[in-house]
Amino acid sequence: MILDKLVNKHFESLSENDLHIIKTIYDHIDEMKTMKIQDLAVYAHTSISSIHRLTKKIGLDGYSDLKSYIKLNNFTEGTSQDLMELLDQDIHQTRKYMEQLDFCQLNRLIDRAPYIYIYGTGAAQLDLANDVQRQLWTLHKKSQVIRSERDFTNGLGEMGENDLLFIISLSGESENLDEIIHAIKTRKIKCVSLTTLRNNLLAQNAMFNIYVNSTPFWLYNKVENSSFLPFYIVVDIIVRKFSEWKMEQWKNKNKIRKAQDK
(Lines give C-alpha, C1' and ligand atoms only; values in the text may rest on other atoms or scores of the structure.)
Protein backbone atom coordinates (compact mmCIF):
# COMPACT_ATOMS: atom_id res chain seq x y z
CA MET A 1 0.00 0.00 0.00
CA ILE A 2 1.10 3.55 -0.70
CA LEU A 3 -0.19 4.47 2.76
CA ASP A 4 2.11 1.79 4.23
CA LYS A 5 5.12 3.60 2.79
CA LEU A 6 4.11 6.87 4.45
CA VAL A 7 3.58 5.17 7.80
CA ASN A 8 6.91 3.35 7.50
CA LYS A 9 8.77 6.57 6.67
CA HIS A 10 7.44 8.45 9.72
CA PHE A 11 7.03 5.50 12.10
CA GLU A 12 9.40 6.81 14.77
CA SER A 13 7.30 9.94 15.31
CA LEU A 14 4.01 8.05 15.75
CA SER A 15 2.44 7.58 19.18
CA GLU A 16 0.41 4.60 20.39
CA ASN A 17 -2.77 6.57 19.66
CA ASP A 18 -1.52 7.27 16.13
CA LEU A 19 -0.91 3.54 15.58
CA HIS A 20 -4.39 2.79 16.90
CA ILE A 21 -5.91 5.24 14.39
CA ILE A 22 -3.88 3.68 11.58
CA LYS A 23 -5.05 0.20 12.56
CA THR A 24 -8.63 1.46 12.53
CA ILE A 25 -8.08 2.87 9.04
CA TYR A 26 -6.81 -0.50 7.80
CA ASP A 27 -9.75 -2.23 9.47
CA HIS A 28 -12.18 0.00 7.51
CA ILE A 29 -10.02 0.54 4.43
CA ASP A 30 -12.85 0.13 1.89
CA GLU A 31 -15.16 2.49 3.82
CA MET A 32 -12.37 5.06 4.13
CA LYS A 33 -12.78 6.10 0.49
CA THR A 34 -16.03 7.87 1.44
CA MET A 35 -15.81 8.06 5.22
CA LYS A 36 -16.06 11.44 6.95
CA ILE A 37 -13.47 12.38 9.54
CA GLN A 38 -16.18 12.43 12.23
CA ASP A 39 -16.99 8.79 11.50
CA LEU A 40 -13.33 7.75 11.69
CA ALA A 41 -13.05 9.53 15.05
CA VAL A 42 -15.99 7.47 16.34
CA TYR A 43 -14.56 4.18 15.02
CA ALA A 44 -11.13 4.91 16.52
CA HIS A 45 -12.53 6.33 19.79
CA THR A 46 -10.39 9.43 19.33
CA SER A 47 -10.73 13.13 18.50
CA ILE A 48 -10.85 14.85 15.13
CA SER A 49 -7.83 16.92 16.11
CA SER A 50 -5.84 13.72 16.80
CA ILE A 51 -6.60 12.51 13.27
CA HIS A 52 -5.49 15.86 11.82
CA ARG A 53 -2.24 15.66 13.80
CA LEU A 54 -1.64 12.14 12.48
CA THR A 55 -2.03 13.25 8.86
CA LYS A 56 0.54 16.00 9.45
CA LYS A 57 2.96 13.55 11.06
CA ILE A 58 2.97 11.31 7.99
CA GLY A 59 3.54 14.25 5.66
CA LEU A 60 0.00 14.89 4.39
CA ASP A 61 -1.89 18.18 4.19
CA GLY A 62 -5.00 16.88 5.95
CA TYR A 63 -7.75 14.30 6.03
CA SER A 64 -8.79 14.81 2.41
CA ASP A 65 -5.19 14.20 1.37
CA LEU A 66 -5.21 10.99 3.42
CA LYS A 67 -8.31 9.76 1.58
CA SER A 68 -6.64 10.50 -1.74
CA TYR A 69 -3.71 8.28 -0.80
CA ILE A 70 -6.05 5.51 0.25
CA LYS A 71 -7.78 5.67 -3.13
CA LEU A 72 -4.38 5.11 -4.73
CA ASN A 73 -3.84 1.84 -2.85
CA ASN A 74 -5.19 -0.20 -5.75
CA PHE A 75 -2.35 1.10 -7.89
CA THR A 76 0.45 -0.03 -5.58
CA GLU A 77 1.65 -2.58 -8.12
CA GLY A 78 2.65 0.19 -10.48
CA THR A 79 4.70 2.12 -7.95
CA SER A 80 8.49 1.86 -7.78
CA GLN A 81 9.97 0.43 -4.59
CA ASP A 82 13.50 0.36 -3.24
CA LEU A 83 13.40 -3.21 -1.98
CA MET A 84 16.49 -3.03 0.22
CA GLU A 85 15.26 0.21 1.77
CA LEU A 86 11.90 -1.47 2.51
CA LEU A 87 13.70 -4.31 4.27
CA ASP A 88 15.77 -1.89 6.37
CA GLN A 89 12.61 0.00 7.31
CA ASP A 90 10.75 -3.18 8.26
CA ILE A 91 13.57 -4.36 10.52
CA HIS A 92 14.07 -0.94 12.11
CA GLN A 93 10.38 -0.33 12.74
CA THR A 94 9.82 -3.83 14.08
CA ARG A 95 12.59 -3.25 16.59
CA LYS A 96 11.08 0.11 17.54
CA TYR A 97 7.76 -1.59 18.22
CA MET A 98 9.44 -4.31 20.28
CA GLU A 99 10.92 -1.60 22.50
CA GLN A 100 7.35 -0.65 23.47
CA LEU A 101 6.29 -4.23 24.23
CA ASP A 102 5.43 -5.31 27.79
CA PHE A 103 8.00 -8.09 28.05
CA CYS A 104 7.28 -8.66 31.73
CA GLN A 105 3.80 -9.94 30.91
CA LEU A 106 5.07 -12.05 28.00
CA ASN A 107 7.94 -13.46 30.06
CA ARG A 108 5.56 -14.52 32.82
CA LEU A 109 3.27 -16.26 30.32
CA ILE A 110 6.22 -18.20 28.88
CA ASP A 111 7.71 -18.97 32.30
CA ARG A 112 4.49 -20.30 33.82
CA ALA A 113 3.50 -22.45 30.85
CA PRO A 114 4.17 -26.18 31.42
CA TYR A 115 3.87 -26.67 27.67
CA ILE A 116 3.95 -24.29 24.72
CA TYR A 117 2.23 -24.98 21.38
CA ILE A 118 3.13 -23.16 18.16
CA TYR A 119 0.80 -22.99 15.16
CA GLY A 120 1.62 -21.42 11.80
CA THR A 121 -1.16 -20.71 9.33
CA GLY A 122 0.89 -21.36 6.16
CA ALA A 123 4.10 -22.91 4.80
CA ALA A 124 6.34 -19.92 5.66
CA GLN A 125 4.60 -19.57 9.03
CA LEU A 126 5.26 -23.26 9.74
CA ASP A 127 8.97 -22.78 9.03
CA LEU A 128 8.96 -19.95 11.56
CA ALA A 129 7.05 -22.14 14.04
CA ASN A 130 9.86 -24.72 13.80
CA ASP A 131 12.38 -22.01 14.64
CA VAL A 132 10.25 -20.85 17.59
CA GLN A 133 10.30 -24.43 18.91
CA ARG A 134 14.08 -24.62 18.47
CA GLN A 135 14.48 -21.39 20.40
CA LEU A 136 12.15 -22.55 23.17
CA TRP A 137 14.15 -25.73 23.57
CA THR A 138 17.26 -23.62 24.24
CA LEU A 139 15.26 -22.08 27.11
CA HIS A 140 14.43 -25.62 28.35
CA LYS A 141 10.75 -25.03 27.61
CA LYS A 142 8.69 -28.02 26.45
CA SER A 143 7.00 -27.20 23.16
CA GLN A 144 5.29 -28.68 20.14
CA VAL A 145 4.65 -27.42 16.61
CA ILE A 146 1.09 -27.98 15.37
CA ARG A 147 1.51 -28.84 11.71
CA SER A 148 -2.02 -28.67 10.35
CA GLU A 149 -5.49 -27.41 11.15
CA ARG A 150 -6.58 -31.00 11.70
CA ASP A 151 -3.79 -31.55 14.23
CA PHE A 152 -4.82 -28.32 15.92
CA THR A 153 -8.43 -29.47 16.25
CA ASN A 154 -7.40 -32.90 17.51
CA GLY A 155 -4.94 -31.45 20.00
CA LEU A 156 -7.22 -28.87 21.61
CA GLY A 157 -8.28 -31.32 24.29
CA GLU A 158 -4.64 -31.78 25.36
CA MET A 159 -4.05 -28.10 26.05
CA GLY A 160 -4.17 -27.24 29.73
CA GLU A 161 -5.32 -24.00 31.29
CA ASN A 162 -1.74 -22.93 32.02
CA ASP A 163 -0.33 -23.94 28.64
CA LEU A 164 0.50 -21.27 26.09
CA LEU A 165 -0.33 -21.15 22.38
CA PHE A 166 1.57 -19.08 19.82
CA ILE A 167 -0.26 -18.46 16.53
CA ILE A 168 1.75 -17.05 13.62
CA SER A 169 -0.18 -15.40 10.79
CA LEU A 170 0.87 -12.81 8.25
CA SER A 171 -2.52 -11.08 7.99
CA GLY A 172 -4.30 -12.41 11.08
CA GLU A 173 -7.37 -12.86 8.89
CA SER A 174 -8.78 -16.01 7.26
CA GLU A 175 -11.89 -18.17 7.31
CA ASN A 176 -10.04 -20.99 9.06
CA LEU A 177 -8.71 -18.63 11.74
CA ASP A 178 -12.26 -17.67 12.64
CA GLU A 179 -13.03 -21.25 13.66
CA ILE A 180 -9.72 -21.61 15.50
CA ILE A 181 -10.27 -18.39 17.46
CA HIS A 182 -13.76 -19.53 18.44
CA ALA A 183 -12.30 -22.79 19.78
CA ILE A 184 -9.57 -20.95 21.71
CA LYS A 185 -12.04 -18.56 23.35
CA THR A 186 -14.43 -21.39 24.23
CA ARG A 187 -11.67 -23.32 26.01
CA LYS A 188 -10.05 -20.16 27.46
CA ILE A 189 -6.63 -21.05 26.05
CA LYS A 190 -3.87 -18.48 26.62
CA CYS A 191 -2.90 -17.28 23.15
CA VAL A 192 -0.09 -15.05 21.83
CA SER A 193 -0.47 -13.73 18.28
CA LEU A 194 2.33 -12.79 15.86
CA THR A 195 0.93 -10.78 12.96
CA THR A 196 1.76 -7.79 10.79
CA LEU A 197 1.12 -4.31 12.15
CA ARG A 198 -2.56 -3.77 11.43
CA ASN A 199 -5.86 -4.39 13.15
CA ASN A 200 -6.88 -8.01 12.56
CA LEU A 201 -9.16 -10.72 13.89
CA LEU A 202 -6.41 -12.79 15.49
CA ALA A 203 -4.83 -9.86 17.34
CA GLN A 204 -8.24 -8.72 18.58
CA ASN A 205 -8.87 -12.09 20.23
CA ALA A 206 -5.41 -13.03 21.52
CA MET A 207 -4.38 -12.54 25.15
CA PHE A 208 -1.09 -10.96 24.04
CA ASN A 209 -0.32 -9.34 20.67
CA ILE A 210 3.05 -9.07 18.97
CA TYR A 211 3.06 -6.93 15.84
CA VAL A 212 5.70 -7.22 13.12
CA ASN A 213 6.36 -4.75 10.33
CA SER A 214 6.48 -6.59 7.00
CA THR A 215 5.65 -4.39 4.01
CA PRO A 216 4.36 -6.25 0.94
CA PHE A 217 6.46 -5.66 -2.17
CA TRP A 218 6.38 -6.60 -5.83
CA LEU A 219 8.99 -8.79 -7.50
CA TYR A 220 10.21 -8.27 -11.07
CA ASN A 221 7.60 -10.76 -12.35
CA LYS A 222 4.66 -8.86 -10.73
CA VAL A 223 4.36 -11.40 -7.92
CA GLU A 224 3.58 -9.88 -4.50
CA ASN A 225 5.87 -10.98 -1.69
CA SER A 226 6.38 -10.36 2.03
CA SER A 227 9.50 -10.85 4.15
CA PHE A 228 9.49 -13.12 7.20
CA LEU A 229 12.90 -11.89 8.32
CA PRO A 230 11.35 -9.38 10.79
CA PHE A 231 9.36 -12.26 12.32
CA TYR A 232 12.57 -14.23 12.94
CA ILE A 233 14.14 -11.14 14.51
CA VAL A 234 11.15 -10.79 16.83
CA VAL A 235 11.52 -14.41 17.98
CA ASP A 236 15.22 -13.83 18.65
CA ILE A 237 14.43 -10.71 20.69
CA ILE A 238 11.81 -12.61 22.73
CA VAL A 239 14.39 -15.28 23.63
CA ARG A 240 17.01 -12.70 24.60
CA LYS A 241 14.54 -10.69 26.71
CA PHE A 242 13.31 -13.82 28.47
CA SER A 243 16.88 -14.88 29.25
CA GLU A 244 17.73 -11.42 30.65
CA TRP A 245 14.57 -11.52 32.77
CA LYS A 246 15.42 -14.95 34.23
CA MET A 247 18.97 -13.85 35.01
CA GLU A 248 17.65 -10.79 36.81
CA GLN A 249 15.30 -12.99 38.83
CA TRP A 250 18.17 -15.25 39.87
CA LYS A 251 20.27 -12.26 40.92
CA ASN A 252 17.43 -10.92 43.06
CA LYS A 253 16.92 -14.32 44.71
CA ASN A 254 20.62 -14.58 45.51
CA LYS A 255 20.58 -11.11 47.07
CA ILE A 256 17.63 -12.09 49.27
CA ARG A 257 19.33 -15.33 50.34
CA LYS A 258 22.55 -13.52 51.20
CA ALA A 259 20.63 -10.93 53.19
CA GLN A 260 18.81 -13.69 55.11
CA ASP A 261 22.05 -15.51 55.88
CA LYS A 262 23.54 -12.46 57.56
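The values are calculated or read from the model by the stated rules, or taken from the named source; none is laboratory data. As the structure is a prediction and not an experimental result, all values here were calculated from the model. Note that each Cβ is placed from the backbone with ideal geometry, even for glycine, and that neighbours are counted across all protein chains shown. In case anyone asks, the SASA skips ligands and DNA or RNA and just uses the protein heavy atoms, side chains included. Shrake-Rupley method; radii C 1.70, N 1.55, O 1.52, S 1.80 Å.
Brief remarks follow.
- Per atom type, the chain shows carbon and sulfur on 50% of its accessible surface, probed at 1.4 Å.
- Its alpha carbons considered, segment 115-262 gives a radius of gyration followed by a Dmax of 17.9, 72 Å.
- From helices alone, the chain scores -17500 deg cm²/dmol at 222 nm; the rule is -39500 (n - 2.57) for each run of n ≥ 4 DSSP H residues, then divide by the residue total.
- If only the Cβ of Lys and Arg carry +1 and only the Cβ of Asp and Glu carry -1, the dipole of segment 7-55 around its Cα centre is close to 160 debye.
- Measuring nothing but how far apart in sequence close Cα pairs (under 8 Å, 6+ apart) lie, relative to its length, segment 156-262 scores a relative contact order of 18 percent.
- For the chain, share of DSSP beta bridges that run antiparallel, in % to the nearest 5: 10 percent
- Residue-normalised accessible area of the chain, expressed per residue, 1.4 Å probe, Å²: 55 Å²
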